[in-house]
Amino acid sequence: MSLVRDIVDRVFFPHRDVHSIPVLDAGFSPNEKLDLARQIGGQVQAPDALTVDAHGTLFVSTGKNVLACTGRDFEVRKPLISFDANAGALAWSEKTGLLVCVSGSGVCSLDHTGKVKGWLKAIDR
Amino acid sequence: MLSDLAFPNGVCISHDGRAVLWVSTWLCRIYRYWIAGDRFGQLEVLAENLPGYPDNINRASDGTYWLALVGIRSPVYDLAMADPSFRMRMVKQIPPDEWLCPGINFGCIIKFDDDGNVRESLWDPGGISHPTITSMREHKGYLYIGGLENNRIGRLSLPDADPTWTSWDSYWARSEREKSNSASVYARTDHVVSA
């Protein structure tokens, strides 16, 4: 029966895509492991990217701002810097300090006080 | 380096410093672009047909990688993604809060290895604790979780993870000590100019 249906489908619906969303098994098997994640500190609206520096400060980009979170459970939060556009991905290295991707502007390098060290606005092609 | 990409996102340097991993969010793929070694300059698909839309990638302490899935695919949304004219009519004719969108009432982080195999996944199927995850960062035995549509930072204990491992050490300090082949990667940061 399924063979007949398959043939009919191919005749009448030759352009129909095969549904390709993978089955959620093996490594994708659903579970509830994230329910064990604990909220740290108070609420933060739209925390996008996270990184931690060598001193244990957690930096979080949220909207146009970057927060510096310290203390036990990172509950002490201070605005580090505010940009004119949304802040996205974050990275930290000793050499560059905190690197912040700023929408439409480039990558900004900051020291631990939030002072701008420099901007990367274009890369070599 | 590369152009004409479909929503490139989630850039991460591989553990050996020889390749850049990145995702195409709308194509549900993980790519690898070699920046050193024999395969320098080659681009390859590391994993495809993911069940959701990938966002941030970060290294994991066990030599694998964490990847956030910001939304989950559905047959209807897949169909819409295959038809640009439909999407154009949608954005012109109906308000944004009624647009079709991926399943965002889920939370999912997957862990994959250098062969593109998915080793493990962490789910929040009800989207109660951490839906719409856009990033995660492993640090000293914990995974820190953020989400653009969320209102909290999550922390998940990783009992099997190295409690001393930090991502900044993995990306920068350790590699610098070892003088690995990733000199070209560090050179990028030298482009930062004075304000």
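Listed residues A:LYS95, A:LYS64, A:LYS78; which is loosely packed, with under 15 Cβ neighbours inside 10 Å, facing another protein chain (nearest Cβ under 8 Å) and over 15 Å from B:ARG137 (Cβ atoms)?
A:LYS95 is the lone residue from the list that is loosely packed, with under 15 Cβ neighbours inside 10 Å, facing another protein chain (nearest Cβ under 8 Å) and over 15 Å from B:ARG137 (Cβ atoms).
Restrict the check to the stretch A:26-38 and report whether at least one residue is more than 8 Å from chain B (Cβ to nearest Cβ) and in contact with a strand residue (DSSP E or B) (Cβ under 7 Å, 6 or more places away or on another chain).
Within the stretch A:26-38, not a single residue is more than 8 Å from chain B (Cβ to nearest Cβ) and in contact with a strand residue (DSSP E or B) (Cβ under 7 Å, 6 or more places away or on another chain).
Looking at A:GLU75, A:GLU94, which is the one that is closer than 17 Å to B:ASN151 by Cβ and over 18 Å from the mean Cα position of the chain (by Cα)?
After ruling out the rest, the residue left standing is A:GLU75.
Do we have B:ASN9 as touching a Cys at 6+ places or on another chain (Cβ under 8 Å), surrounded by 19 or more Cβ atoms within 10 Å (Cβ to Cβ) and closer than 26 Å to B:HIS130 by Cβ here?
Values: touching a Cys at 6+ places or on another chain (Cβ under 8 Å): no; surrounded by 19 or more Cβ atoms within 10 Å (Cβ to Cβ): yes; closer than 26 Å to B:HIS130 by Cβ: yes.
Answer is no for this residue.
Suppose we filter B:ASP16, B:ASP4 for residues that are in a loop (DSSP other than H, G, I, E, B), free of Cβ contacts under 8 Å to residues at least 12 places away in the same chain and loosely packed, with under 15 Cβ neighbours inside 10 Å; which single one remains? Walk me through how you get there before you give the answer.
Numbers: B:ASP16 fails: free of Cβ contacts under 8 Å to residues at least 12 places away in the same chain.
Being in a loop (DSSP other than H, G, I, E, B), free of Cβ contacts under 8 Å to residues at least 12 places away in the same chain and loosely packed, with under 15 Cβ neighbours inside 10 Å holds for just one of B:ASP16, B:ASP4, which is B:ASP4.
Out of the residues in the stretch A:99-125 meeting the condition of being farther than 25 Å from B:LEU2 by Cα and of a type in the set (A, V, I, L, M, F, W, C), tell me which one is surrounded by the fewest Cβ atoms within 10 Å (Cβ to Cβ).
My answer is A:VAL116.
Any residue at all in the stretch B:35-55 that is part of a strand (DSSP E or B), acidic (Asp, Glu), under 16 Å from B:VAL11 (Cβ atoms) and touching a residue at least 24 places away in the same chain (Cβ under 8 Å)?
yes
Can we say B:ILE30 is of a type in the set (A, V, I, L, M), modelled with pLDDT of 95 or more, part of a strand (DSSP E or B) and within 20 Å of B:ALA161 (Cα to Cα)? Let's see the steps before the verdict.
On the way: of a type in the set (A, V, I, L, M): yes; modelled with pLDDT of 95 or more: yes; part of a strand (DSSP E or B): yes; within 20 Å of B:ALA161 (Cα to Cα): no.
Considered against the rule, which asks whether it is of a type in the set (A, V, I, L, M), modelled with pLDDT of 95 or more, part of a strand (DSSP E or B) and within 20 Å of B:ALA161 (Cα to Cα), B:ILE30 comes out as no.
Among the residues of the stretch A:42-61, what is the count of those that are of a type outside the set (Val, Ile, Thr) and within 7 Å of chain B (Cβ to nearest Cβ)?
Residues in the stretch A:42-61 being of a type outside the set (Val, Ile, Thr) and within 7 Å of chain B (Cβ to nearest Cβ): 10 in total.
Out of everything in the stretch B:67-116 that is free of Cβ contacts under 8 Å to residues at least 24 places away in the same chain and of a type in the set (S, T, N, Q), what residue ends up being nearest to A:ASP25 (Cα to Cα)?
Per the criteria, the residue is B:SER85.
Of (1) at pLDDT 90 or above; (2) over 29 Å from B:SER170 (Cα atoms), A:THR62 satisfies all except one. Which?
The failed condition is (2).
The values are calculated or read from the model by the stated rules, or taken from the named source; none is laboratory data. Given the structure is predicted, the values throughout are model-derived calculations rather than measurements. All Cβ positions, even for glycine, are placed from backbone atoms using ideal geometry, and neighbour counts span all protein chains on display.
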